[in-house]
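Accompanying notes for the structure given below.
No lab work stands behind these numbers, since they all come straight from the coordinates. Not measured: the values here are computed from a predicted model. Cβ placement follows ideal geometry from the backbone for every residue including glycine, while neighbour counts extend to all protein chains displayed.
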2 protein chains.
Amino acid sequence: MSHEFDLIERIRGQVGRSSRVKVGIGDDAAVLDWSQHPECLVTVDMLMEGIDFTLDSATPEQIGRKALAVNLSDIAAMAGRPTACVVAVALPRRGGFELGQRLMAGLLPLAQEFDVALAGGDTNTWEGPLVLSITVLGEPTGRGPVLRSGARPGDWIFVTGPLGGSLSGHHLDFTPRIREAQALHAATTLHSLIDISDGLAADLGHILQESRVGALLEAEAIPIAPAATGMSRRDGQSPLRHALADGEDFELILTVSPQEGERLLAKPPQGVTLYWIGQVTETAGLSLKQPDGKLESLSDWGWKHGFRDQ
Amino acid sequence: MSHEFDLIERIRGQVGRSSRVKVGIGDDAAVLDWSQHPECLVTVDMLMEGIDFTLDSATPEQIGRKALAVNLSDIAAMAGRPTACVVAVALPRRGGFELGQRLMAGLLPLAQEFDVALAGGDTNTWEGPLVLSITVLGEPTGRGPVLRSGARPGDWIFVTGPLGGSLSGHHLDFTPRIREAQALHAATTLHSLIDISDGLAADLGHILQESRVGALLEAEAIPIAPAATGMSRRDGQSPLRHALADGEDFELILTVSPQEGERLLAKPPQGVTLYWIGQVTETAGLSLKQPDGKLESLSDWGWKHGFRDQ
């Protein structure tokens, strides 16, 4: 953190300070008082102009907020509590100072909402597009981090909100499901947990792969966001397809035993919305059951990396 | 860390594993067993193509190594011990997979050398230039982190190696002064410490500013790297000027009491080279004393951020 300019220097240790982590200020590395935390969660996400946002369709405040929110969603995906973050940015030389200030103006209220200390950063300028890379540190809660690998055959599968069409706006203002994950972790035994960044089919696919199981989803049970319907009207794809395939919903997918599933459906933790969408199967593969009983395979809907020559 | 592709997935928890930090693998956030560490250091540095390196003049292995090394240097600047890192990259779509592998091939040996676990990352592709952002976590050693703010009038000022001309090659193969900082921290009471990323004058300036003191450097005592002399031949600036102003030497600047300074000069810790370069003064400002006794002010040699319209 050698090239901080006063944008981050100025606010570090003042705004966005955490009540749980003491941040030592003003040096090459931040010092976090970590004595309450035998384990540490760490996650990083990089957002790039033209890929994760455009400056035409999002305000700098929304972009700054989103850059932190996607990282908080990763901490939520392990039922963790975020504690501190560091922010690296590549800003365009022209207008970059104001842009940087506006990014921070969007990021800081979210940091404060979730009691996350801004522990430092690295601010750079260039002639290239805007890039933000945020690293968030956190601590596990309750019985420790919930992984992707614990799903068992028979588990009920839930999501925490309606899905699809997020890129028409919701990806810029979603609330990371930190509170929901902790409430669920406290209320039940979560077998597996993940956040939806690549899409329901793709991210459930991660759980299935790492748990070595399969799943059967009920088409009629998938909760469809109004934005998915709106997008469907424009592109002709079905709203259901949007709900299954669209990325950036940042809702949680969780699996629990059928007994716990029934209990949760009857009385979900306060503030948590749960939609049952299907069940984990012993047989590998991800299938969708249509209302008429027909099965469709979704196994190939996984996220693909973007290399041209691989 | 939602978009890791197998480049980082594959090596996480296998190569670059630390003997001191247990890394939980395969999920949205890494889990670090932090129980031995009541305090945590965290630092981030972002390297951008065209600013911090060019693909014409450096190999991908050198760039990957440098991206980690500059962060390790920040941990050294606090006399800390690095423990884990996360790596976010924006790779060009064309050729990006091979480029990513080569970046990692350069980064990992350095991580292993300093026992730093690669705890995860975020790999992205786009049409833009190469960007790497690395966050390093560490732990303080000995009596805790050494800050920039502890320099006192009368302190002797040392650097750990010859300076200047680093951009002609040394910035790609320097060894972060992790071991030296720890050896010094164990051997003496360091009043202040920083690594030279922006240049001797600029980084010593940070110490002076945060300690509210000044300094007088002896021109003849500044150790000049051969690369500074070589660069001088090409650009006509004096080698001394290069040693004072050039960035990216990544040597340490330290200040200690005169008594400790004498003791260190007589018997430096094993493996540590020390050059006395001057003294801290009560009067603010940074001055250079020429052999003829004339004083030159270096106070304005600080690093400037690159915004066009500020």
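Using only alpha-carbon positions, what ratio does the radius of gyration of chain B give when scaled by 2.2 N^0.38 Å?
Working: Rg = 20.1 Å, N = 310, 2.2 N^0.38 = 19.5 Å.
Here the Cα radius of gyration is 1.03 times the empirical estimate.
How much of the DSSP bridge set in the protein assembly as shown is antiparallel, in percent, rounded to the nearest 5? Walk me through the intermediate numbers first.
On the way: 86 of 118 bridges.
Looking only at bridges with both residues in the protein assembly as shown, the antiparallel portion is about 75 percent.
So for the stretch B:173-252, considering every pair of alpha-carbon atoms, how many percent are separated by more than 19 Å?
Percent of Cα pairs beyond 19 Å in the stretch B:173-252: 45.
Please list log₁₀ I(q)/I(0) at q = 0.05, 0.10, 0.11 Å⁻¹ for the protein assembly as shown, using the Debye equation with identical point scatterers on the alpha-carbon positions.
Taking Cα atoms of the protein assembly as shown as identical point scatterers yields -0.23, -0.85, -1.00.
Along Cα→Cβ, 7 Å out, is where each label goes; now give me the distance between the ones at residue B:173 and residue B:209 in nm to one decimal.
It is 3.4 nm.
Tell me, in nm to one decimal, what length is gained between residue A:186 and residue A:143 on full extension, where the rule is 0.36 nm per residue of separation less the Cα-Cα distance?
14.6 nm
Place a label point 7 angstrom from the Cα of residue A:105 along the Cα-to-Cβ direction, then list the residues of the stretch A:140-175 whose backbone nitrogen is under 20 Å away.
A:172-174
How much of the DSSP beta bridge set in chain A is antiparallel, as a percent to the nearest 5? Display every interim value, and only then the final one.
On the way: 39 of 55 bridges.
Taking every DSSP beta bridge within chain A, about 70 percent pair in antiparallel fashion.
In degrees from 0 to 90, rounded to the nearest 10, what is the angle of the helix A:226-235 Cα long axis to the longest principal axis of chain A?
Tilt relative to chain A: about 80 degrees.
What are the extents of the Cα atoms of the stretch A:156-297 along their three principal axes, in Å, largest first?
The Cα atoms of the stretch A:156-297 stretch 41, 35, 27 Å along their principal axes.
Grab the Cα-Cα distance for residue B:98 and residue B:290, subtract it from 0.36 nm times how many residues apart they are, and report the gain in nm with one decimal. Intermediate values should be presented prior to the final figure.
Values: separation 192, 0.36 × 192 = 69.12 nm, distance 5.12 nm.
Between residue B:98 and residue B:290, full extension yields an extra 64.0 nm.
Quick one: compute the contact order of chain B, relative version, from alpha carbon pairs under 8 angstrom and 6+ residues apart, as a percent. Write out the running numbers ahead of the final one.
Details: 720 pairs, mean separation 66.1, N = 310.
RCO, chain B: 21 percent.
Using Cα-only point scatterers and the Debye equation, what is log10 of I(q)/I(0) for the stretch B:247-299 at each q in 0.26 Å⁻¹, rounded to two decimals?
Reported log10 I(q)/I(0), two decimals: -1.14.
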